[in-house]
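Just below is one structure, and these are the notes that go with it.
We did not get these values from a lab; they are worked out from the coordinates using the rules stated. Please read these numbers as outputs of a predicted model, since none were measured by experiment. Cβ: placed from backbone, ideal geometry, glycine included. Neighbour counts: every protein chain shown.
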Amino acid sequence: MRAFDHDYVNELVARMGKLRPDAKPAWGAMSAPEMQGHLVMTLRYSMGNGPKLPVAGNWAARWLMAPLILNGILPIPKNVKLPRPDGPRPQADLETLHTVLEEYLSRVQTGDLEPPPHPIFGDIGVDGWAKMHVRHFEHHLKQFGV
């Protein structure tokens, strides 16, 4: 599995740069700017910014599904509904996403990242969040064919 590092971020930004704002997803209802906003919101959440979501996962999600998904054995399910703040879906551009990605990496490198629990998998720590982000980004890149 890919490491969540500067090389990956540069590759991710290059791939996202090929995405047109009017691109149609292979599944789901998000637009490309909404998907980028969703990724920004997820990154910010994992840095402890924003309202904390309750952990809704049970023992099977934490001890069976989390290792299988985080280690790339199972894909992230399509159209999965996770807890999220109320309101319209956030939108973001590539520049904002890149800035937040770099902020995340900077906080990891300085040891200044104390992530909250994942809303389904519970306490996965910095390494678990790094795996989750790579899996999550790849899931949405596949959704939009980039």
Item to complete: Could you please tell me which pairs satisfy a Cβ distance under 8 Å, a separation of 6+ or placement on different chains, a first residue in the stretch 46-72 that is on the phi > 0 side of the Ramachandran plot, and a second residue that is surrounded by 13 or more Cβ atoms within 10 Å (Cβ to Cβ) and outside any loop (DSSP other than H, G, I, E, B)?
Response: G50/M41; G50/R44; G72/R135
Discussion item. Looking for something farther than 17 Å from V40 by Cβ and surrounded by fewer than 18 Cβ atoms within 10 Å (Cβ to Cβ) - is there at least one such residue anywhere in the stretch 133-143?
Written reply: yes
Discussion item. When you scan the stretch 4-17, do you find a residue that is charged (D, E, K, R), part of a loop (DSSP other than H, G, I, E, B) and surrounded by 13 or more Cβ atoms within 10 Å (Cβ to Cβ), even just one?
Written reply: yes
Discussion item. Every residue in the stretch 18-37 that is in a loop (DSSP other than H, G, I, E, B), farther than 13 Å from K142 by Cβ and touching a helix residue (DSSP H, G or I) at 6+ places or on another chain (Cβ under 6 Å), please.
Written reply: P21
Item to complete: Determine the pairs where a residue that is under 25 Å from H118 (Cβ atoms), located within the stretch 15-42, has a partner that is β-branched (V, I, T) and not in a helix (DSSP H, G or I) with Cβ atoms under 6 Å apart, the partner being 6 or more residues away or on another chain.
Response: R15/V146
Worksheet, complete the sentence: Checked pairs for the stretch 129-143, first closer than 12 Å to H38 by Cβ, second of a type outside the set (F, W, Y) and in a helix (DSSP H, G or I), C-beta under 6 Å and 6 or more apart or across chains, list as F137/L12; H140/M35
Worksheet item: Mind checking which residues of the stretch 35-56 are closer than 19 Å to V126 by Cβ and more than 10 Å from the chain's Cα centre (by Cα)?
Response: M47, G48, N49, G50, K52, L53, V55
Discussion item. Which count do you get for residues in the stretch 78-98 that are surrounded by 13 or more Cβ atoms within 10 Å (Cβ to Cβ) and assigned to a helix (DSSP H, G or I)?
Written reply: 4
Practice prompt. Look through E138, E102 and report the one residue that is part of a helix (DSSP H, G or I), of a type in the set (D, E, K, R) and more than 29 Å from W59 (Cα to Cα).
Written response: E102
